[in-house]
There are 4 protein chains.
Amino acid sequence: MSALLESIAKVRREVCELHAELTRYQLVVWTAGNVSGRVPGHDLMVIKPSGVSYDDLTPELMVVTDLYGTPVRGMNTGSAGTVDWGNPDLSPSSDTAAHAYVYRHMPEVGGVVHTHSTYATAWAARGEEIPCVLTMMGDEFGGSIPVGPFALIGDDSIGQGIVETLKGSNSPAVLMQNHGPFTIGKDARNAVKAAVMCEEVARTVHISRQLGEPLPIDPAKIESLFDRYQNVYGR
Amino acid sequence: MSALLESIAKVRREVCELHAELTRYQLVVWTAGNVSGRVPGHDLMVIKPSGVSYDDLTPELMVVTDLYGTPVRGMNTGSAGTVDWGNPDLSPSSDTAAHAYVYRHMPEVGGVVHTHSTYATAWAARGEEIPCVLTMMGDEFGGSIPVGPFALIGDDSIGQGIVETLKGSNSPAVLMQNHGPFTIGKDARNAVKAAVMCEEVARTVHISRQLGEPLPIDPAKIESLFDRYQNVYGR
Amino acid sequence: MSALLESIAKVRREVCELHAELTRYQLVVWTAGNVSGRVPGHDLMVIKPSGVSYDDLTPELMVVTDLYGTPVRGMNTGSAGTVDWGNPDLSPSSDTAAHAYVYRHMPEVGGVVHTHSTYATAWAARGEEIPCVLTMMGDEFGGSIPVGPFALIGDDSIGQGIVETLKGSNSPAVLMQNHGPFTIGKDARNAVKAAVMCEEVARTVHISRQLGEPLPIDPAKIESLFDRYQNVYGR
Amino acid sequence: MSALLESIAKVRREVCELHAELTRYQLVVWTAGNVSGRVPGHDLMVIKPSGVSYDDLTPELMVVTDLYGTPVRGMNTGSAGTVDWGNPDLSPSSDTAAHAYVYRHMPEVGGVVHTHSTYATAWAARGEEIPCVLTMMGDEFGGSIPVGPFALIGDDSIGQGIVETLKGSNSPAVLMQNHGPFTIGKDARNAVKAAVMCEEVARTVHISRQLGEPLPIDPAKIESLFDRYQNVYGR
C-alpha cells in the first residue's frame with residue numbers, strides 16, 4: 001500500500017472512532033453531528049457519510065473528498081481493502097462544504113467538528129457569546145466563545161462565517177447563530193476535545209447564570225491561563 | 001409463509017427494535033411510551049403490548065390489531081413461529097385507539113410514536129407551542145411544533161386532536177396539552193426520529209429561553225430549510 | 001425448605017434486583033436510597049443492608065427484620081444457602097425504622113422505597129407539593145404529591161410523617177420536607193414504579209414552571225383518570 | 001516485595017479504580033479531574049498521570065510522588081511488575097501541587113479529589129457557598145459548602161486556599177472560585193464519595209432555588225445530623 005493510502009486509512013480510523021466521543025458525551029442525537037480530518041500533506045479530507053447511524057459507522061464508510069467536498073474517485077470503497085471507483089451508496093455529510101471551506105482557508109487546522117450540542121446551541125439561538133468566567137475556559141478557549149453569523153446551508157456562507165469569526169479569536173469554537181457549534185483543532189482528536197469542552201463550559205456558565213451573575217476573571221489572568229495551557233499541551 | 005405474514009413479521013421486528021431508541025435517548029421511563037407501525041397495503045398495525053418492560057420486548061410480543069385497535073385473531077402468537085388464535089396474556093398498549101385513529105385518517109402515515117419525554121411534555125403542560133428558532137427545527141419541523149387540545153383517554157378524542165392539529169402543519173410532531181408528544185412518519189423509524197428530534201428541540205429552545213429570548217428566524221428562510229431537507233431525505 | 005424460607009428467598013431476590021431500577025433511572029447516588037418488601041403473611045420485611053454499593057448487592061446480603069426493624073436471628077446468612085444466627089457484618093439500612101413503621105401502620109402496603117432523587121428532593125426542600133398538571137400524574141398519583149413534615153432520623157418521627165401524610169391522599173408518594181421522597185406500593189415493584197414516576201413528574205412539572213405557569217386540570221378529570229388507571233392496573 | 005511496595009501497589013489500584021466513579025457520576029469530561037491517595041505512614045502519594053483518558057488508566061500508570069509533587073525515582077514503572085528509574089512518558093496530573101499541599105498541611109487527610117463537576121462549578125463561578133437545606137447535607141457536610149479564593153495554577157496558591165477554607169469548616173468539600181470543587185477524605189474512597197455528594201447537593205439545591213427559596217434547617221438540627229452520621233460512619 002502506498003504511503004498516501006496508509007495515511008488515508010489512518011485518518012479513516014481516527015475520524016470513525018472519534019464519533020463515539022460525540023455520543024459518549026451526548027453532544028449529538030440521531031445522525032446530527034460530524035467529525036472530519038485532513039489527510040496530512042494532501043488536499044484531501046475524510047468525513048462522516050450522510051445519514052448513517054453512529055452505531056453503524058466503520059472506517060470504510062468514511063468518505064474521502066477533495067477540499068471542495070467532492071468525493072474522490074477510486075478512494076472510496078464499499079468494503080475493507082477494496083479500492084473501487086467510488087461508493088455509489090454513500091455521500092459525504094451534508095455539512096461537508098463548511099468543513100472543506102475551513103480546510104482551504106485555515107492551513108493550520110487538521111480537524112473540524114460540528115454538533116448541535118444542547119447548551120452551546122441554546123447560546124447560539126440567542127446569538128450570545130459565552131463569557132469566560134471559568135479557569136477551564138481560560139485554559140481551553142483563552143477568552144469568550146464567539147458567535148458567528150446566521151447562514152443558510154447550500155453555499156460557502158457557513159464556512160465563511162466560521163473562518164471569519166475564528167480568525168480573530170483564541171477560541172477553537174464558534175457558535176453559529178440559531179444553528180450550533182463548529183470546532184477546530186490541529187487534528188480531529190483536538191477538534192473533538194474542543195467540542196466536548198465547548199458544551200461543558202456552555203452548560204456550566206448557563207447554570208451559573210440561572211441564579212445570578214458569575215464573577216468575571218481579570219483578562220490578564222485569562223491570558224496567563226491560556227498561555228500556560230497552550231505551552232504545556234500545544235494546540 | 002405468505003407475503004402478508006412475512007410483512008407482519010418484518011414490522012414486528014422493526015417496531016420492537018425501535019423501542020430501544022426511546023430508552024437510548026431517555027424519552028421514556030418504566031413502560032410510558034410506545035411505537036407502532038402500519039402493515040403496508042393492509043388495514044393492520046403492529047404496536048407495543050401494554051405494561052411490558054422495554055427490556056423484555058420481543059418481536060413475538062408485539063400485538064397486531066386492525067385499524068380500530070382490536071387484536072386480530074390468529075395473528076398474535078405466544079412464541080416465535082406459532083400462529084394461534086390470539087395471545088390471551090397480552091393486550092395492546094392503552095394508547096392504541098389514538099394510534100389507530102391516525103392510521104385511519106392519515107393514509108400517508110406509516111408510523112406513530114407516543115412518549116412523555118420531559119421537555120416536550122413541559123411545553124405541553126403550559127399549552128405552548130415551540131417556536132422555530134433553530135435551523136435544525138426548520139429542517140425537521142418546517143416551523144413551530146403545535147399544541148393539540150386537552151383530551152381524555154377512552155374514546156377518539158386524542159386521535160382527533162392529533163389529526164386535526166397535524167393536518168394544518170408542516171410538523172410531524174404535536175404536543176397534546178397536559179399530556180405529551182405524538183409523532184408521525186412515513187414509517188415507524190421516521191416517527192421515532194421525529195420523537196427524538198422533538199425532545200431535542202424542546203430541550204434546546206427551553207434552555208435558550210431560560211436566559212433571554214432566542215432570535216427569530218425569517219419565515220422565508222425556515223421554508224427554504226424545510227424544502228431543501230425534505231427534498232434530500234423525503235418524509 | 002419451608003414455605004416461609006422460600007417466601008423470604010423470593011422477596012430477597014425481588015428487593016435485591018429492584019435496586020437496579022434506582023440506578024438505571026438515576027434516582028440515587030453512592031448508597032443513598034433503599035428498597036424494602038414485606039414477607040407476605042408474616043410480620044417480617046426484607047431491606048437493603050447499610051453502606052453496601054449497589055454493584056455489590058446480592059439476594060443473600062439483604063437483611064430480614066421484624067416490623068420494628070430488628071434483624072431476625074437465624075434468617076440472615078453470610079452466603080447463599082447458609083442459615084446462621086445473623087450476619088454480624090451487615091446491619092439494615094439506616095432508614096429501616098421508617099420502612100418498618102409504614103408496614104406496621106399500613107397493612108395494605110407490601111413495598112416501600114426511599115430515595116433523594118434530585119427533582120423530588122428539590123420540591124421537598126421548598127416544602128412545596130407538586131401540583132397535578134399532567135395526565136400521567138392523574139393516572140399514577142390521582143392528584144398532587146403531598147409534602148410531609150420535617151423530621152429527624154432516630155425515632156418514629158419520619159415513619160409517622162409518612163403515614164399521616166399518605167393516609168389522606170391518593171398519592172403513593174410523599175415528599176418529606178428538606179429530605180426526599182418515600183413511596184409505597186402493594187409490593188416492592190410497585191413502590192419502585194412510584195419512585196420512578198414521582199421523579200419523572202417532579203422533573204417535568206419543575207421544567208414546565210420555569211417558563212410560566214402550567215395549565216391546571218379540572219379535578220373531576222383527574223379523578224376520572226385515576227379511577228380508570230387504577231381499575232386497569234390495580235394498586 | 002517489601003511492605004512499602006505492597007502498600008504502594010494497593011494505593012495504585014485504589015486510586016486507579018476510583019476514577020471510574022468520576023465518570024459513572026459524570027463529574028468529569030475528557031481528562032478534567034483527578035484522584036490521589038496518600039501512602040499510609042510514608043511521605044508519598046499516588047495520583048493520576050496527566051492527559052491520559054479515563055478508559056486507558058491502569059494501576060501501573062498511576063504516578064508516585066513525594067509530598068512536593070515530584071515523581072519518585074525507581075517507583076514509577078512502565079509496565080506491571082517492572083521497577084525502573086522513573087517512567088519518562090508520564091508526568092503527574094497538572095493539579096498535583098494542590099493535592100501535595102493538602103497532604104503536607106492536613107495529616108489526617110488520606111485522599112484528595114478535584115473535578116469541575118457542573119453544578120458545584122456553577123456555584124463556584126458565582127463565588128457563592130451552598131446553603132445547608134437538605135438533611136443529606138447535614139449528614140455529609142455538617143453545614144454549608146464553603147467557597148475558597150480565586151487562585152492561579154503554578155504555585156501553592158490553590159493548595160493554600162483549599163487548606164485555609166477547609167480548616168474552619170465541617171465540610172470535606174471546598175468550591176474554589178471560578179474553578180471547581182476539591183474534596184478530601186480519610187482515604188481516596190471517602191474523598192471520592194465527598195465529590196459525588198458535593199455535586200449531588202449542588203444540583204439539588206440549585207434546582208430547588210430555581211423556583212423559590214428552600215426552607216432553612218435549624219443549625220442545632222444540622223449539628224445533630226452531622227454528629228450522628230459521623231459517629232456511625234466515621235470520616
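The values are calculated or read from the model by the stated rules, or taken from the named source; none is laboratory data. The model shown is predicted, which means the values in this text are computed figures rather than measured ones. Backbone-built Cβ (ideal geometry, glycine too); neighbour counts: all protein chains shown.
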### Query
How many of the residues in the range A:18-39 are within 14 Å of chain B (Cβ to nearest Cβ), over 16 Å from A:His179 (Cβ atoms) and either of a type in the set (Lys, Arg) or touching a Leu at 6+ places or on another chain (Cβ under 7 Å) (or both)?
1
### Task
Could you please give the count of residues in the range B:198-222 that are of a type in the set (S, T, N, Q) and assigned to a loop (DSSP other than H, G, I, E, B)?
0
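Listed here are the residues, each with its yes/no results for (1) of a type outside the set (A, V, I, L, M); (2) closer than 24 Å to B:Gly138 by Cα.
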site: A:Asp155; (1), (2): yes, yes
site: A:Ile158; (1), (2): no, yes
site: A:Ile162; (1), (2): no, yes
site: A:Gly180; (1), (2): yes, yes
site: A:Pro214; (1), (2): yes, no
### Residues that are farther than 20 Å from B:Arg126 by Cβ and out of contact with any Gly (no Cβ under 6 Å at 6 or more places or on another chain), drawn from the range B:173-189
B:Ile184, B:Arg189
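Yes or no, residue by residue, for (1) among the polar types (S, T, N, Q); (2) farther than 18 Å from C:Gly111 by Cα; (3) buried (at least 22 other Cβ atoms within 10 Å of the Cβ):
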site	(1), (2), (3)
C:Leu5	no, yes, no
C:Glu14	no, no, no
C:Glu21	no, no, no
C:Gln26	yes, yes, no
C:Gly51	no, yes, no
C:Thr58	yes, yes, no
### Summary
Selection over the range A:94-139 where residues are without any contact (Cβ under 8 Å) to a residue 12 or more places away in the chain and either under 25 Å from B:Gly212 (Cβ atoms) or among the small types (Gly, Ala, Ser) (or both) yields a count of 1
### Message
Looking for something within 14 Å of chain B (Cβ to nearest Cβ), at pLDDT 95 or above and on the phi > 0 side of the Ramachandran plot - is there at least one such residue anywhere in the range A:111-127?
### Response
yes
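Residue-wise test of (1) farther than 23 Å from C:Arg228 by Cβ; (2) away from every other protein chain (no Cβ under 14 Å); (3) surrounded by 18 or more Cβ atoms within 10 Å (Cβ to Cβ); (4) within 11 Å of the chain's Cα centre (by Cα).
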| position | (1), (2), (3), (4) |
| --- | --- |
| B:Gly159 | no, yes, yes, no |
| B:Leu166 | yes, yes, yes, no |
| B:Phe182 | no, no, yes, yes |
| B:Cys198 | yes, no, yes, yes |
### Message
I'm told B:Pro216 meets every condition in (1) more than 11 Å from chain A (Cβ to nearest Cβ); (2) surrounded by fewer than 24 Cβ atoms within 10 Å (Cβ to Cβ) except one. Can you identify the failing condition by its number?
### Response
(1)
### Task
Please give the number of the condition D:Gly74 fails out of (1) closer than 19 Å to D:Thr183 by Cα; (2) modelled with pLDDT under 95.
(1)
### Message
Return the residues of the range A:138-189 that are within 16 Å of A:Gly110 (Cα to Cα) and out of contact with any strand residue (DSSP E or B) (no Cβ under 8 Å at 6 or more places or on another chain); say none if nothing qualifies.
### Response
A:Gly159, A:Val163, A:Lys167
### Output for the range B:128-157, where each listed residue is under 30 Å from A:Pro181 (Cβ atoms), charged (D, E, K, R) and within 14 Å of chain C (Cβ to nearest Cβ)
B:Glu128, B:Glu129
### Verdict on B:Met137 being among the hydrophobic types (A, V, I, L, M, F, W, C) and crowded, with 19+ Cβ neighbours inside 10 Å
yes
### Message
With the requirement that a residue be more than 13 Å from D:Pro92 (Cβ to Cβ) and either within 16 Å of the chain's Cα centre (by Cα) or part of a strand (DSSP E or B) (or both), what does the range D:38-53 give you?
### Response
D:Arg38, D:Val39
### Task
Evaluate the following for C:Leu225: is it aliphatic (A, V, I, L, M), assigned to a loop (DSSP other than H, G, I, E, B) and either away from chain B (no Cβ under 11 Å) or in contact (Cβ under 8 Å) with a residue 24 or more places away in the chain (or both)?
no
### Message
Given the condition touching a His at 6+ places or on another chain (Cβ under 8 Å) and within 14 Å of chain D (Cβ to nearest Cβ), answer yes or no: does some residue in the range C:54-62 qualify?
### Response
yes
### Message
When the residues of the range A:28-49 are narrowed to those that are more than 16 Å from A:Leu67 (Cα to Cα) and hydrophobic (A, V, I, L, M, F, W, C), which ends up surrounded by the most Cβ atoms within 10 Å (Cβ to Cβ)?
### Response
A:Val29
